[in-house]
Amino acid sequence: MGGYLIYFAIIILVPLWAQMKVKGAYSKYSRVPSSTQMRGAEVARRILDANGLYKVVVEETRGHLTDHYDPRTKTVRLSATNYHGHSVAAAAIAAHEVGHAIQDNQDYAFLRFRHALVPVANLGSNFSWILIMIGFFAGLSGMVLLGIIFMAAAVVFQVITLPVEFNASNRAMDQVVSLGIIRNDEERETKKVLNAAALTYVAAAAVAVLELLRLILIYTGMTRSE
């Protein structure tokens, strides 16, 4: 019983801790103006043009920290705060999303692999638990195994997201430094924003792997008792 409590504490507290780190870093550095006073939209456009990505569009999107790159429409979408903001955080987030656009343009292998996994990962996320619960209640180990296979696809997606996000952040740092978008101490501050954001992906992947391992152990117990 104690082991289960520790396990559930980990899968609940780790993501919460990662979210707190992100919100804390973003809140702090969104109040720190960048020395160049470039808006997030201007940062994105500057990096895109410097890399010859003139056809990639920069748009404002609704929500808070809803920033993303859409490879289907070749669009960098920035939340209002980051689109209009002149802060170090806005520059960091904008540059990170453009990092994905550069990956897309250069056919970055991990990004291509992640895109290919999207349909399977969505299917796994939606149906894995249904199959697993039916299998548990009906005592059908084969159904549980099928659910675990679906879940494994979603977990692989989570894991493959890590190199994609870290690489985008590295590209972002290279661009903002080489183009003079950030200067002096801003480099350290920008890294803090990007590293905090990366923690959410690390936490999500860690929790997903732990849950998959737990279900595999439960499945092996079921098959031994049959």
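Identify all residues within segment 117-155 that are outside any helix (DSSP H, G or I) and loosely packed, with under 14 Cβ neighbours inside 10 Å; write none if there are none.
Hit for segment 117-155 is Gly139, nothing else.
Hey, can you tell me all the residues within segment 165-179 that are of a type in the set (A, V, I, L, M) and crowded, with 21+ Cβ neighbours inside 10 Å?
Of everything in segment 165-179, those that are of a type in the set (A, V, I, L, M) and crowded, with 21+ Cβ neighbours inside 10 Å turn out to be Ala168, Ala172, Val176.
May I ask you to list the residues in segment 34-70 that are open to solvent by 60 Å² or more (accessible area, probe 1.4 Å), modelled with pLDDT of 95 or more, touching a Ser or Thr at 6+ places or on another chain (Cβ under 7 Å) and not hydrophobic (A, V, I, L, M, F, W, C)?
If the condition is that a residue be open to solvent by 60 Å² or more (accessible area, probe 1.4 Å), modelled with pLDDT of 95 or more, touching a Ser or Thr at 6+ places or on another chain (Cβ under 7 Å) and not hydrophobic (A, V, I, L, M, F, W, C), then Glu59 is the only one that fits.
Quick check on my filter: what residues within segment 78-113 are aliphatic (A, V, I, L, M), free of Cβ contacts under 8 Å to residues at least 40 places away in the same chain and farther than 20 Å from Gly63 by Cβ?
Ala109
Taking Ile182, is it among the β-branched types (Val, Ile, Thr) and loosely packed, with under 15 Cβ neighbours inside 10 Å?
Spelling it out, it is not the case that Ile182 is among the β-branched types (Val, Ile, Thr) and loosely packed, with under 15 Cβ neighbours inside 10 Å.
For segment 99-115, state whether one or more residues are at pLDDT 90 or above, open to solvent by 80 Å² or more (accessible area, probe 1.4 Å) and closer than 20 Å to Val202 by Cβ.
Looking through segment 99-115, at least one residue is at pLDDT 90 or above, open to solvent by 80 Å² or more (accessible area, probe 1.4 Å) and closer than 20 Å to Val202 by Cβ.
For segment 141-158, check the following and say yes or no: at least one residue is of a type in the set (A, V, I, L, M, F, W, C), closer than 21 Å to Ile102 by Cβ and either in contact with a strand residue (DSSP E or B) (Cβ under 7 Å, 6 or more places away or on another chain) or without any contact (Cβ under 8 Å) to a residue 60 or more places away in the chain (or both).
Scanning segment 141-158, I find no residue that is of a type in the set (A, V, I, L, M, F, W, C), closer than 21 Å to Ile102 by Cβ and either in contact with a strand residue (DSSP E or B) (Cβ under 7 Å, 6 or more places away or on another chain) or without any contact (Cβ under 8 Å) to a residue 60 or more places away in the chain (or both), so the answer is no.
Just give me the residues in segment 48-93 being of a type in the set (A, V, I, L, M, F, W, C), in contact with a helix residue (DSSP H, G or I) (Cβ under 9 Å, 6 or more places away or on another chain) and under 17 Å from Met38 (Cα atoms), in sequence order.
Leu48, Ala50, Val58, Val76, Leu78, Val88, Ala89, Ala90, Ala91, Ala92, Ile93
What single numbered condition from (1) open to solvent by 30 Å² or more (accessible area, probe 1.4 Å); (2) farther than 13 Å from Val155 by Cβ fails to hold for Val209?
Answer for Val209: the failing condition is (2).
The values are calculated or read from the model by the stated rules, or taken from the named source; none is laboratory data. A quick note: this is a predicted structure, and the numbers were derived from the prediction, not measured. For neighbour counting, all protein chains shown are included, and Cβ atoms are generated from backbone atoms with ideal geometry for every residue, glycine included. When the accessible area is computed, the model is the full protein with side chains, heavy atoms only, and any ligands, DNA or RNA have been set aside. Shrake-Rupley method; radii C 1.70, N 1.55, O 1.52, S 1.80 Å.
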